[in-house]
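Colleague: Got a structure for you, questions after.
The values are calculated or read from the model by the stated rules, or taken from the named source; none is laboratory data. Keep in mind that this is a model prediction, so the values were computed, not measured. So basically every Cβ, Gly included, is an ideal-geometry build from the backbone, and we count neighbours across all protein chains shown.
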Amino acid sequence: ELGFFDGEFIDLNEKKISLEDRGYQFGDGIYEATKVYNGKCFALDRHLDRCIRSLRELKIPVTYTNAELTAIHEDIIKKSGITDGCIYFQITRTTAPRTHYFPDKIVPHLSMTIREGSVHTDWQKSGVHAIFTEDIRWLRCDIKTINLLGNVLAKQEAHEKNCQEAVQVRKGSNLVTEGSSSNFFVVKDDIVWTHPLSNLILKGVTRSILFEECAKKLGITMIEKAFSPDFALTAHEAFITSTSLEVTPVIAIDNKHIGNGLPGKITLKLLNAYHELVK
Ligand code: PDD
């Protein structure tokens with residue numbers, strides 16, 4: 001299987017990562033996951049802009065230009081022969097003897113993998129079940145870091161309850177933030193609600209595209225305003241968005257139906273508009 005590490009294409013099974021990579025020891029790095037449709041990486045510019053922002057926020061030197069990163073994506077797609085799949089890449093701060101503060105000499109490592117596979121069209125048709133869970137993550141969820149333990153534990157809890165996503169809720173405020181690997185939306189009286197951009201959620205690329213392109217085109221009103229789990233349960237529709245799930249209806253949370261328990265009308269309109277963009 002094909003991978004990429006620090007300037008060269010490698011076999012995924014080749015040992016390349018140092019035991020003292022700070023990504024490995026501290027989770028000191030950032031990542032992006034993108035989707036390939038018809039041999040082309042969708043919305044790559046938006047992902048690269050977010051990647052550069054994540055690096056800057058973590059004070060990891062930016063040693064690649066957007067043009068170089070784009071070329072590497074194009075190369076790995078071509079070399080793999082994959083036309084529909086997912087690309088994952090991460091950049092870690094450096095390799096150095098373990099100390100918490102940054103070492104003097106920093107050479108970031110870039111690694112990338114590509115996998116075949118398309119989206120869960122079955123989930124898009126039937127909708128998914130979710131749970132509410134406490135959002136225990138740190139207070140910089142706007143940075144796409146490889147530290148994902150809060151997200152991993154939330155998703156595992158959903159999985160153990162035979163659900164596909166965990167919708168996270170901040171204690172104290174009792175406000176819904178986002179899914180464990182997706183942004184979360186509800187529709188009430190034809191208005192789409194989602195948590196505003198802040199340190200508490202990731203600025204999803206799919207979320208941005210819904211706002212800037214799909215909802216605009218359809219004349220659907222979307223507002224950025226936080227809401228409680230109770231509000232979500234009284235909504236007419238709910239859905240999640242991510243690069244891999246696109247727009248996926250949520251039909252029940254904690255075993256309680258949202259609306260009539262079927263994928264919602266506005267949700268499906270947004271999904272169709274999104275499909276128009278990626279094809
Ligand atoms: N996750 N919020 C969180 C916490 C996420 O992990 C993701 C994406 C999103 C949606 O972002 P985007 O629309 O840019 O994919 C929101 C990716 C898919 C992952 O971790 O695999």
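Colleague: When both residues are 6+ apart or on different chains and their Cβ atoms are under 6 Å apart, which pairs have a first residue that lies in segment 57-79 and is closer than 26 Å to ASN199 by Cβ, and a second that is of a type in the set (D, E, K, R)?
Modeller: Note: pairs meeting the criteria are ILE60/ARG93.
Colleague: Identify, please: which residue in segment 177-214 is in contact with a Lys or Arg (Cβ under 7 Å, 6 or more places away or on another chain) and away from the ligand (no atom under 11 Å from the Cβ) and is, among those, nearest to PHE132 (Cα to Cα)?
Modeller: TRP193
Colleague: Let me ask something additional. Looking at segment 89-111, which of the residues that are without any contact (Cβ under 8 Å) to a residue 24 or more places away in the chain and among the charged types (D, E, K, R) is nearest to LYS35 (Cα to Cα)?
Modeller: LYS105
Colleague: When residues of segment 227-274 are filtered for being more than 19 Å from the chain's Cα centre (by Cα) and either touching a residue at least 40 places away in the same chain (Cβ under 8 Å) or not in a helix (DSSP H, G or I) (or both), how many remain?
Modeller: Summing the residues that are more than 19 Å from the chain's Cα centre (by Cα) and either touching a residue at least 40 places away in the same chain (Cβ under 8 Å) or not in a helix (DSSP H, G or I) (or both) in segment 227-274 gives 26.
Colleague: Still on this structure, I have one more. Do you know which residues across segment 114-124 are in a helix (DSSP H, G or I) and either in contact with a strand residue (DSSP E or B) (Cβ under 6 Å, 6 or more places away or on another chain) or farther than 12 Å from GLU246 by Cβ (or both)?
Modeller: ASP122, TRP123, GLN124, listed by residue number.
Colleague: Identify all residues within segment 156-176 that are within 15 Å of the chain's Cα centre (by Cα) and either over 20 Å from HIS257 (Cα atoms) or away from the ligand (no atom under 13 Å from the Cβ) (or both); write none if there are none.
Modeller: Selection gives GLN164 alone.
Colleague: Another question, if that's okay. Of these, ILE143, ILE131, ILE114, which one is more than 21 Å from LEU202 (Cβ to Cβ), touching a helix residue (DSSP H, G or I) at 6+ places or on another chain (Cβ under 7 Å) and touching a residue at least 40 places away in the same chain (Cβ under 8 Å)?
Modeller: Just one listed residue meets the conditions, ILE114.
Per-residue answers, yes or no, for (1) more than 15 Å from the ligand (Cβ to nearest atom); (2) among the small types (Gly, Ala, Ser):
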{"position": "TYR24", "(1), (2)": "yes, no"}
{"position": "GLU32", "(1), (2)": "no, no"}
{"position": "LYS40", "(1), (2)": "yes, no"}
{"position": "CYS51", "(1), (2)": "no, no"}
{"position": "ILE60", "(1), (2)": "yes, no"}
{"position": "TYR64", "(1), (2)": "yes, no"}
{"position": "ALA67", "(1), (2)": "yes, yes"}
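Colleague: Here's something else I'd like to know. Kindly evaluate ILE87 against the criterion of being within 12 Å of the ligand (Cβ to nearest atom) and either closer than 18 Å to THR243 by Cα or of a type outside the set (Lys, Arg) (or both).
Modeller: Here the answer is yes, as ILE87 does meet what is asked.
Colleague: Next up: Using the structure shown, decide if PHE9 is assigned to a strand (DSSP E or B) and either buried (at least 20 other Cβ atoms within 10 Å of the Cβ) or in the same structural domain as GLU213 (by TED's automatic domain parsing) (or both).
Modeller: No.
Colleague: Now a separate question. Could you please find all residues in segment 53-83 being surrounded by fewer than 17 Cβ atoms within 10 Å (Cβ to Cβ) and either outside any loop (DSSP other than H, G, I, E, B) or in contact with a strand residue (DSSP E or B) (Cβ under 6 Å, 6 or more places away or on another chain) (or both)?
Modeller: Listed by number, the residues that qualify are ARG53, ARG56, GLU57, ASN66, ALA67, GLU68, THR70, ALA71, GLU74, ASP75, LYS78, LYS79.
Colleague: Name every residue in segment 219-248 that is crowded, with 22+ Cβ neighbours inside 10 Å, within 15 Å of the ligand (Cβ to nearest atom) and acidic (Asp, Glu), in order of residue number.
Modeller: Correct list: GLU246 only.
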